[in-house]
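The values are calculated or read from the model by the stated rules, or taken from the named source; none is laboratory data. None of the values given here were measured: they were computed from a predicted structure. Cβ: placed from backbone, ideal geometry, glycine included. Neighbour counts: every protein chain shown. These accessible areas exclude ligands, DNA and RNA; they are computed on the full protein's heavy atoms, side chains included. Shrake-Rupley method; radii C 1.70, N 1.55, O 1.52, S 1.80 Å.
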Amino acid sequence: MGFIFSKSMNENMKMQQEFMLMNARLQLERQLIMQNEMRERQMAMQIAWSREFLKYFGTFFGIAVISLTAGAIKRKKPAFLFPIIPLSFVFTYQYDLGYGTLLQRMKGTTPTSMTSHWYLEVDHDGSIYTMEICKWQVKP
């Protein structure tokens with residue numbers, strides 16, 4: 001009599017473990033999808049911020065170029081034109097970030113600068129889950 005109860009309890013426990021395993025995998029999948037979505041939103045916010053910053057900085061840059069050029073011509077000192085060089089680098093960077101392909105190029109070079117390991121480690125009975133997300137290793 002005890003054998004019949006223990007057999008059905010073992011089957012129930014096994015079914016419950018399988019259900020828990022399936023549930024944990026589903027939860028992990030959902031977490032990965034959510035993390036990816038959050039990363040995409042952060043990148044979209046960064047692009048939006050860069051475009052908004054570019055509006056203000058572009059206005060400043062345009063006024064600065066006109067003013068510095070006018071000052072260099074009026075005073076006959078070409079040294080007034082030197083601040084345009086670093087300002088143009090900042091403007092070009094922000095333009096590339098907002099409207100160019102800088103983020104795509106950064107995403108493309110990421111795999112070469114790091115190694116990441118995504119894997120699940122499940123015990124033989126399916127009860128222990130460990131997930132090692134990333135190991136960063138800068139390559140020369």
If we keep only residues of segment 54-86 that are outside any helix (DSSP H, G or I) and of a type in the set (D, E, K, R), then the residue nearest to Asp96 (Cα to Cα) is Lys77
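Residues checked against (1) surrounded by fewer than 12 Cβ atoms within 10 Å (Cβ to Cβ); (2) within 30 Å of Asn23 (Cα to Cα); (3) of a type in the set (Asp, Glu); (4) at pLDDT 95 or above:
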site: Tyr56; (1), (2), (3), (4): yes, no, no, yes
site: Ala64; (1), (2), (3), (4): no, no, no, yes
site: His117; (1), (2), (3), (4): yes, yes, no, no
site: Val122; (1), (2), (3), (4): no, yes, no, no
site: Thr130; (1), (2), (3), (4): yes, yes, no, no
site: Cys134; (1), (2), (3), (4): yes, yes, no, no
Return a yes/no flag: does segment 7-18 have any residue that is among the hydrophobic types (A, V, I, L, M, F, W, C) and open to solvent by less than 100 Å² (accessible area, probe 1.4 Å).
-> no
Across (1) touching a residue at least 24 places away in the same chain (Cβ under 8 Å); (2) of a type in the set (S, T, N, Q); (3) open to solvent by 40 Å² or more (accessible area, probe 1.4 Å), Ser50 clears everything bar (3)
